[in-house]
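Below: the structure, in structure tokens.
Every number here is computed from the coordinates shown, using simple stated rules; none is lab data. Since the model is a prediction, treat every value here as computed from it, not as a measurement. Please note: Cβ atoms are built from the backbone with ideal geometry, for glycine as well, and neighbour counts cover all protein chains shown.
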Amino acid sequence: MRYIKSLYIKGFKKFDEITVHFNEHMNILVGENEAGKSTILEAIKIVLNQMYKNADKSILKDLFNKTQMDIFNGNPSLETLPKIEIELDLELDPTEKNTEYFFGENSRNAKAIFGIKFECSFNEDIDTKMTQSSEVMFQYI
């Protein structure tokens, strides 16, 4: 049986942090308007398609959690930059072709499981000049 076991979202749109567990046979999302049903479906689409990885980064500001954006706007620094994490835990048959590509991909879980992750965050591997330029830029925001 192949199915999505759970979805973890952190810093995406209305969700500061949430884990949604799924049934292996059927799942129905029910809730009031603006409860996050469409956001859950969009998160699944993003992680499966790795959307926004090569997109214009200016559209990302609408995807970040409002609370994270408020914290950054109140104290702009590299440490307060918003971050999006979306992880799917998958139930896969390890004997099927290509399932090894999904083994151990989720960093949040201590045990190795099948999954896939999308992360949108500041690249910490930048050089010192870029870091210094960014800190100067934040002082003028």
Residue in region 20-79 that is surrounded by the fewest Cβ atoms within 10 Å (Cβ to Cβ), counting only those that are in contact with a strand residue (DSSP E or B) (Cβ under 9 Å, 6 or more places away or on another chain) and at positive phi: GLN50
Close pairs from region 5-18: first without any contact (Cβ under 8 Å) to a residue 60 or more places away in the chain, partner assigned to a strand (DSSP E or B) and among the charged types (D, E, K, R), Cβ under 7 Å, at least 6 apart: GLU17/LYS10
Some residue of region 2-15 being assigned to a helix (DSSP H, G or I), under 15 Å from the mean Cα position of the chain (by Cα) and of a type in the set (Ser, Thr, Tyr): no
Those residues of region 1-47 which are among the small types (Gly, Ala, Ser) and under 18 Å from SER121 (Cα atoms), in sequence order: GLY11, ALA43
